[in-house]
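Chemist: I have a structure here, written as structure tokens, and I will follow up with some questions on it.
Since every read-out is calculated from the coordinates, none of them should be taken as a lab result. None of the values given here were measured: they were computed from a predicted structure. Reconstructed Cβ throughout: ideal geometry from the backbone, glycine too, with neighbour counts over all protein chains shown.
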Amino acid sequence: MLLLNEVSRTFAGPDGDVRAVDGITLSVDAGELVVVEGPSGSGKSTLLFVCGALLKPTQGTVLVTGEDPYALSPNDRSTFRARNIGFIFQQFHLVPYLSVLSNVLAANTPCPQPGYRERAEELIRHFHLEHRANHLPSQLSIGERQRTALARALLNRPKLLLADEPTGNLDHDNAVIVLDALSDYAENDGAVLLVTHDPSASERAHRKVRIRDGRFQQPPGLSEVQTGRRTETSI
């Protein structure tokens, strides 16, 4: 579902170029939940934006479902994202003047298809938001905002789901709802790439990778601890 090959992303800084992502190679298959761990400023979010066709890499290639989204025109890339990639952010990124229902339906704007209102209403019920469907984001609790963002991310049944610290602002109960949804998505042949500091989120991973200064850490040798399907890889 996702393949990165020697991907780097450089930004201009006051003291010269800063390489936020440096030579990353990574794959995420259908049925996998892969966690990226690392300290603040290590390049996790930049990596996620590159994977999601939001930030073109300076070097290297990105393939999503076998296609390079950066080879597409901006309009075609927007449609490609809407059809294939779902995003969940720590700060939700809901449209403040739209209701819960309209926020969820907004994911369908670049690639409108029949039946998506019914799909949105189904997701709203699934995440126990039906009593909030006509409320604005400012009228929601933090947990309700994140569940709305999760419903929006799932609307188009994307192949790849990208999550940037999705439980960082949540209480335990809402964090469990989000993590259960991500796990279920992977178990149903979706691919999930999750950036997190949350140990309970990391426990859901099939694989974990650690990033520092834009690079995956690779100590001498390669160690794997495997329990059933889940594998922790130190690279």
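Chemist: Pulled fully out, how much extra length does the chain show between H131 and S200, if you take 0.36 nm times their separation in residues and subtract their Cα-Cα distance?
Modeler: Stretched out fully, the H131 to S200 stretch lengthens by 21.9 nm.
Chemist: Given an 8 Å cut-off on Cα distances and at least 6 residues of separation, report the relative contact order of segment 1-114 as a percent.
Modeler: Reported as a whole number, the value is 25 percent.
Chemist: Separate question: For the chain, with the dipole built from +1 on Lys and Arg beta-carbon atoms and -1 on Asp and Glu ones, taken about the Cα centre, which of S78, G214, L136 lies farthest toward the positive end?
Modeler: Of S78, G214, L136, it is S78.
Chemist: While we're looking at this one, here's another question. Binning at 10 Å from 0, report for segment 134-204 what percent of all alpha-carbon pair distances ends up in each bin.
Modeler: For segment 134-204, the binned pair fractions read 19, 54, 24, 2 percent.
Chemist: Another question about this same structure. Suppose only helical runs count, i.e. DSSP H with n ≥ 4. What mean residue ellipticity at 222 nm does that imply for the chain under -39500 (n - 2.57) per run, divided by all residues and rounded to the nearest 500 deg cm²/dmol?
Modeler: My calculation for the chain gives -8500 deg cm²/dmol from helical runs alone.
Chemist: What Rg and what Dmax come out for segment 1-99 when only alpha-carbon atoms are used, in angstroms?
Modeler: Gyration radius and largest Cα-Cα distance of segment 1-99: 14.5, 44 Å.
Chemist: Moving on to the next point. In nm, to one decimal, how far is the modelled label at E187 from the one at E67, with both set 7 Å along Cα→Cβ?
Modeler: According to this spin-label approximation, the distance is 3.0 nm.
Chemist: Another question about this same structure. Can you tell me the relative contact order of segment 111-217? Whole percent, Cα pairs under 8 Å, sequence separation 6 or more.
Modeler: 22 percent
Chemist: Measuring from the lowest to the highest alpha carbon on each principal axis, how far does segment 1-59 reach, largest first, in angstroms?
Modeler: Principal-axis extents of the Cα atoms in segment 1-59, largest first: 42, 23, 18 Å.
Chemist: Over the Cα atoms of the chain, what is the Rg over Rh ratio if Rh follows Kirkwood?
Modeler: 0.97
Chemist: Tell me the net charge near R119. Cut-off is 15 Å between Cβ atoms, R119 excluded, with +1 for each Lys or Arg and -1 for each Asp or Glu.
Modeler: Summing Lys/Arg as +1 and Asp/Glu as -1 gives +1.
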